[in-house]
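Student: Handing you a structure now.
The values are calculated or read from the model by the stated rules, or taken from the named source; none is laboratory data. These numbers were taken from a predicted model, which means no experiment stands behind them. Cβ placement follows ideal geometry from the backbone for every residue including glycine, while neighbour counts extend to all protein chains displayed. Please note that ligands, DNA and RNA were not included when accessible areas were found on the heavy atoms of the full protein model with its side chains. Shrake-Rupley method; radii C 1.70, N 1.55, O 1.52, S 1.80 Å.
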Amino acid sequence: MKRMIIFCMLFFCSTMVLTETSPRRAKYRQILRKIEELESMVKEKDAELLYTPENFVDGCENTTVTCFKKGILKLQPARSQDTPKFTKAIRIVSRFTAKDKQCNATPPCESYEKKTPKNFLKGFENLIQMLFKN
């Protein structure tokens with residue numbers, strides 16, 4: 001009976017360790033949630049078009065993230081009531097970094113096509129999801 005209880009406790013503890021989320025995954029999920037929040041709050045009408053990186057170069061993720069971070073700072077909330085929540089989401093998203101392996105051939109941010117704020121955020125979301133899978 002004692003062995004059975006010990007076995008059950010060990011089994012329970014090991015399954016808890018295996019299902020625990022890594023800090024990296026939790027950070028990616030938080031960033032994705034904040035990007036989704038920004039999509040619903042961002043000013044779309046009369047908003048500045050933003051350079052939106054596409055066709056991400058493998059190994060140059062940090063350079064691409066830097067382009068997105070520059071654009072994130074230019075976003076504006078659609079309603080003034082959303083400003084505190086919007087500012088907090090911007091602050092969290094702009095802290096995100098990715099590691100470059102050895103990046104040589106990344107075009108400058110200005111070489112990318114300009115898109116609307118919502119399409120810009122969709123592009124950033126796609127990059128985060130790509131990094132999340134790796």
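Student: At each listed q (0.22, 0.25 Å⁻¹), what is the log10 of I(q)/I(0) that the Debye formula gives for the range 40-111 modelled as equal alpha-carbon point scatterers?
Tutor: With one equal scatterer per Cα and no solvent, log10 I(q)/I(0) is -0.97, -1.12.
Student: If I model a spin label as a point 7 Å beyond the Cα along the Cα-Cβ vector, how far apart are those points for residue 76 and residue 130 in nm?
Tutor: 3.0 nm
Student: Let me know the charge dipole size of the chain about its Cα centre in debye, to the nearest 20, where only the beta-carbon of Lys, Arg (+1) and Asp, Glu (-1) is charged.
Tutor: So the dipole magnitude of the chain works out to roughly 640 debye.
Student: Over the range 24-90, what relative contact order in percent results from Cα pairs under 8 Å that are six or more residues apart?
Tutor: Over the range 24-90, the number comes to 46 percent.
Student: Further question: Once the mean 1/r over all distinct Cα pairs of the chain is inverted, what Kirkwood radius in angstroms do you read off?
Tutor: So the Kirkwood estimate lands at 16.8 Å.
Student: Go through the range 44-116 and name the GluC sites (Glu not before Pro) that are in a DSSP coil and have 13 or fewer other Cβ atoms within 10 Å of their Cβ.
Tutor: Counting only loop positions with at most 13 other Cβ atoms within 10 Å, the GluC sites (Glu not before Pro) in the range 44-116 are 44, 48, 54, 113.
Student: Using Cα pairs closer than 8 Å and at least 6 residues apart in sequence, work out the relative contact order for the range 22-134, in percent.
Tutor: Reported relative contact order: 45 percent.
Student: Tell me which residues come under 5 Å, amide H to amide H, from residue 42 once H is placed; ignore anything under 5 positions away on its chain.
Tutor: 78
Student: What accessible area per residue, rounded to a whole number of Å², is obtained for the chain using a probe radius of 1.4 Å?
Tutor: The answer is 69 Å² per residue.
Student: Putting +1 on Lys and Arg Cβ atoms and -1 on Asp and Glu Cβ atoms, find which of 62, 47, 116 reaches farthest to the positive end of the dipole of the chain.
Tutor: Most positive-ward Cα: 62.
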